[in-house]
Amino acid sequence: MANSSDVRRWARSVRQDTAATSSRSDEPALDVAITPGLPACGWEHARLLRERDRAAARQRALVDLGQHAVGGADLEELLDLALGTASSALPGAVVALVEVCGEDAVLRGCAGRRPGASMPLRLPLAGLAGTTLGRALRGWLPVHVEDHSGERAEGHPAPQPLLPGCAAGSSIAVPVRTPRAVWGALVVAHPAPGCLAAPDVLFLQQVAALVSAAVDRAQTEAANRRTALQDPLTELPNRTRLRQLLEEALRAPGGCGVLLVDLDGFKDVNDALGHAVGDLVLQRVAERLRAAVTAPGVPARLGGDEFAVLLPGATAGAMEHLARDIADAFLQPLTAAAVDVRLGVSAGSALSGAHGTDAATLLRRADVAMHRAKSRAGSWAAYSPSLDAPRLTRLKLVGELRGAIGAGDLEVHYQPVVDLRTGRPCSVEALVRWRHPVRGRVGPEQFIGLAEQSRLIGPLTLWVIDEAVRQSLAWREAGLPRIPVAVNWSIHCLRDPGAADAIHRRLVAHRDLLTVEVTESALADDDARDALQVLAAEGVSCAIDDFGTGYASLAHLRRLPVDRLKVDKLFVEHLAEERKDRAIVRSVVDLAHALGLEVTAEGVESEAVAAELRLLGVGAAQGHLWSPAVEGEEITGAWAGGTAARGQPGPG
């Protein structure tokens, strides 16, 4: 049996422990009467009751902490709650949360401090080697030291203190881990040895797990916010973030300016060196911009090779100075993947107040100015209202062209192609004309490019093909022989898969009536060459238009299934006077004949040129010498009487 002094000591410890437990929970403190002669089994029963109550209180605290973690509590709020939870469960101990920040361990919070006690706010990680905290951070596992006094059995090293210069009798350090790294640690120190046991380690691991989940959630949310507002390649603010900053600057006194920067020649870098090197170049560009733009300016990437700079409180002079600084920053080549790359920049600026009062307007007008700088080969241009007029006209014209297709405002005219050996017409080229109800006749040079840029070229080409087929059938009904009609086919038709398929079907269906002309520049495009190969394989005759102006590879020419080369009028107009033009045309003719191709000359306006072409062996020609492009009804009479051939055939 135990003596009275043992019982009294046991009762005092029970009261202390149960009082501490009841202060943290709704359970009443266990009232233990000092009964002399209490059997030993009573002590064990009381100890178990204490452990049960302590475990239940800790479990309730963990549930409460977990609910806050799952409920999306703010990270700072959750860290404070975690410190309070651990401190309440471990009376007499000091509890701290430490975060790893670069090469340092930073104190994020502390609970259970005694008056006069101190703990460093920041410590270098290198100085934590061998400490409880340092071992936990390095090993990713909990470290528990029951006794820091160093009284250990022989062969065991004396444990290091919790922190350098921090006196503690016992301590625990539990790492707080995320899937990516160790975020920090939950650290507990007690002034007395042996006061922190294995159940305390397990409890702190559970607290650390909940903190880890909250930290991971906060880091993921922060990463998502960065992704939404930051360009992942250059780590500059993206378009969305720039608009936010621009709107904030517009609300602030002093206004702001925005500068749009476009790289000149970047497409060539991507085409020649590949997109991987292109991405490296864009990163180097971002570095140059950061160096060139000083606070309060903010560089951003809008996408592709387009960047922007926001300058709060800007003036016209400040924007020009900024543009010059950026241009100077690119005078030296950029180095990417051991390759030196030279890029120019074109920049356009717009100022709040003078050029707009909202973000969308300022960005659009800076873009207008940037394109002005690019078009005149200058590095910078400021916005002016006069720059908007051509764009507005172009936009209006695109809308009117969209309505004109199929509405009766377009016409197809036909220019005869003359056989130079007989002087008679042998085919025609279909050329679209626009009779605008207000503007009058709109030349093809004014709207064909617009159609290509606005994806109207597909529907426009379909309409021309249908009109050419209708006219061909009308000529047959009028008793004329089959008249081959050449229609122009643009590479931009391939940008509209639906229109491209419809064009292909019509050309194949009417291959006895239609031939296709493509510009020489299209030969450099893989998709265009593939499309021509398919057309030729299905019996459609193809010709290369404007030959001599597109720098086509002879290898492409050798492999393409074309039947005819059309010499551009640039080399034909002055053929009778220019010796070099004659040499070029003679070379084209020799090349074509060597490849088994026919040759047609464009832009013939005098009999002298026609005679020179005959001498050079050119088989056919077209131009105002015989006829401009005319309506289909005029072709009927000209073809029947051969009047399109006003020039006389030469010898041979």
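The values are calculated or read from the model by the stated rules, or taken from the named source; none is laboratory data. Everything numeric here is computed off the predicted structure, so don't read it as measured data. Backbone-built Cβ (ideal geometry, glycine too); neighbour counts: all protein chains shown. SASA here: full protein model, heavy atoms, side chains in, ligands and nucleic acids out. Shrake-Rupley method; radii C 1.70, N 1.55, O 1.52, S 1.80 Å.
Tabulated data for the structure shown
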item	result
Neighbourhood charge, 15 Å Cβ-Cβ cut-off, centred on residue 526 and excluding it, Lys, Arg +1 and Asp, Glu -1	-1
Spin-label pair residue 435/residue 394, simplified geometry with 7 Å Cα→Cβ offset, distance in nm	2.9
The chain, relative contact order in percent, only Cα pairs under 8 angstrom and at least six apart counted	7
q = 0.12 Å⁻¹, region 221-323: log10 I(q)/I(0) [Debye, one scatterer per Cα]	-0.43
Net length gained if the chain between residue 495 and residue 328 were fully extended (0.36 nm per residue, minus Cα distance)	56.4 nm
On Cα atoms only, tilt of 497-509 relative to the major axis of the chain in degrees	30
Under the Debye formula (equal points on every Cα, no solvent term), log10 I(q)/I(0) of region 350-400 at q = 0.21, 0.26, 0.28, 0.30 Å⁻¹	-0.76, -0.98, -1.04, -1.09
By average C-beta atoms within 10 angstrom, highest first, the peptides 506-515, 564-573	564-573, 506-515
Simple Cβ-charge dipole of region 222-376, Lys/Arg +1 and Asp/Glu -1, about Cα centre, in debye nearest 20	320
Rel. contact order, % - alpha carbon contacts under 8 angstrom, at least six apart, region 233-388	29
Sequence ranges 325-332, 303-310, 576-583, ranked by mean other-Cβ count within 10 angstrom, highest first	303-310, 325-332, 576-583
Test item: Cα-centred dipole of the chain, Lys/Arg +1 and Asp/Glu -1 on Cβ, debye	1440
Accessible-area composition of the chain, carbon plus sulfur, in percent [1.4 Å probe]	53
Between helix 316-329 and the chain: long-axis angle, C-alpha atoms, 0 to 90°, nearest 10	90
Principal semi-axes in Å for region 409-636 [√(5λ), Cα gyration tensor, largest first]	26, 22, 18
Mean Cβ neighbour count within 10 Å, used as a protection proxy, ranking 384-394, 495-505 highest first	495-505, 384-394
Long-range Cα-Cα pairs in region 160-259 (distance over 18 Å), rounded percent	67
Extension gain from residue 205 to residue 141, taking 0.36 nm per residue of separation minus the Cα-Cα distance	22.1 nm
Accessible area (Å², per residue) of region 409-636, counting only protein heavy atoms and a probe of 1.4 Å	45
Simple spin-label estimate for residue 559 and residue 357 in nanometres, 7 Å along Cα-Cβ	6.0
For the chain, the fraction of alpha-carbon pairs in successive 10 Å shells from zero, as %	3, 11, 14, 13, 12, 11, 8, 7, 7, 6, 4, 2, 1, 0, 0
Accessible area (Å², per residue) of region 233-388, counting only protein heavy atoms and a probe of 1.4 Å	45
Beta bridges per DSSP with both ends in the chain, % antiparallel, nearest 5	75
Spin-label model distance (nm) - residue 49 vs residue 526, 7 Å beyond Cα toward Cβ	8.4
Virtual paramagnetic centre 7 Å along Cα→Cβ of residue 273, amide N under 18 Å, in region 292-317	304-307
Fraction of the pair-distance distribution of region 233-388 above 22 Å, Cα-Cα pairs, percent	36
Where only alpha carbons of region 272-325 are counted, the Rg and the Dmax (Å)	13.0, 41
Where 491, 635 fall by accessible area, highest first, once all protein chains stay in place (1.4 Å)	491, 635
Stokes-Einstein D (µm²/s) once Rh is taken as the Kirkwood radius of region 513-627 over alpha-carbon pairs, at 4 °C in 1.567 mPa s	90
Computed E for residue 251/residue 221 - FRET, C-beta separation, R0 25 angstrom, nearest 0.05	0.40
0 to 90° range, to nearest 10: angle between helix 239-251 axis and the chain longest Cα axis	80
Mean projected area (nm²) of the alpha-carbon convex hull when region 223-278 is viewed from all directions	5.2
